[in-house]
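The values are calculated or read from the model by the stated rules, or taken from the named source; none is laboratory data. In this text the structure is predicted, and so the values were computed from the model without any measurement. Note that each Cβ is placed from the backbone with ideal geometry, even for glycine, and that neighbours are counted across all protein chains shown. Each accessible area value is taken on the protein alone, full model and side chains, heavy atoms only, with ligands, DNA and RNA left out. Shrake-Rupley method; radii C 1.70, N 1.55, O 1.52, S 1.80 Å.
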Amino acid sequence: MRVLGIESSSLVASVALVTDDILTAEYTVDFKKTHSQTLLPMLDEIVKLLDLDLGTLDAIAVAGGPGSFTGLRIGAATAKGLGMALKKPLIHVPTVDAMAYNMWGAAGLVCPIMDAKRSQVYTGLYRTEDGLEVLMEQCPMDMRELAGLLNKKGERVIFLGDGVPVYKDIIREMLTVPYAFAPAQMNRQRAASVAALGMNALLDARVSGW
């Protein structure tokens, strides 16, 4: 099976293709260009490089938020247009869930933080040792309130997302539990994780008779 992933919830624009359990292609750019300028050219490049027939896709997975309203709108419109033209189903993937999935196999708690301005973040809390376990669904929260919550959990925490450089001082000031920051290849949104979670959802739906 093949699932195309689209991620446009932040400055990151990312397109990826997962074929069965293999990441076949991924094109990710973190730069100040509008997603209307980047997503379709990136997809076109993948299609050309792989000689891909888009008709062979089984589904299109798209990051559904939270995040930039404009970015999400462009990503959703791109996915919807492709889905209608190709007659393929769309799969909604929560943005913060997909970010956490970047850390698959990591020990401890995984806490993505997206900057929502004014000391607010979009966040969630996960375990990823073996798949994705949602401990706290994605939600907006004050960063200091989040730090207090994590201290009560008493476990090592891995942070990732564009909120890390913004709120790193608060993390260092308030966290009393061990913590770490995800490395560069994992610390931003990736369409690969969107596509992989979309694949999981597609498989689950087919097992249940969808």
Answer yes or no as to whether GLU155 is over 18 Å from the mean Cα position of the chain (by Cα) and either buried (at least 17 other Cβ atoms within 10 Å of the Cβ) or at pLDDT 95 or above (or both). yes
Could you look through the range 9-47, keep only residues that are closer than 20 Å to GLY65 by Cα, touching a Leu at 6+ places or on another chain (Cβ under 6 Å) and of a type outside the set (A, V, I, L, M), and pick out the one that is surrounded by the most Cβ atoms within 10 Å (Cβ to Cβ)? SER9
Where in the range 4-64 are there strands (runs of 3 or more DSSP E), lying fully within it, with 1 or more residues that are among the charged types (D, E, K, R) and in contact (Cβ under 8 Å) with a residue 12 or more places away in the chain? 22-30
List the residue pairs whose Cβ atoms are under 6 Å apart, where the first residue sits in the range 167-192 and is touching a residue at least 40 places away in the same chain (Cβ under 8 Å), the second is small (Gly, Ala, Ser) and in a helix (DSSP H, G or I), and the two are 6 or more positions apart or on different chains. none
When you check LEU90 against the structure, is it within 19 Å of ALA13 (Cα to Cα), open to solvent by 30 Å² or more (accessible area, probe 1.4 Å) and hydrophobic (A, V, I, L, M, F, W, C), yes or no? yes
Which one is farthest from the chain's Cα centre (by Cα), of the residues in the range 101-118 that are closer than 22 Å to VAL166 by Cβ and either without any contact (Cβ under 8 Å) to a residue 24 or more places away in the chain or open to solvent by 50 Å² or more (accessible area, probe 1.4 Å) (or both)? ARG118
Selected residue [at pLDDT below 95 and open to solvent by less than 50 Å² (accessible area, probe 1.4 Å)] from GLY209, GLY131: GLY131
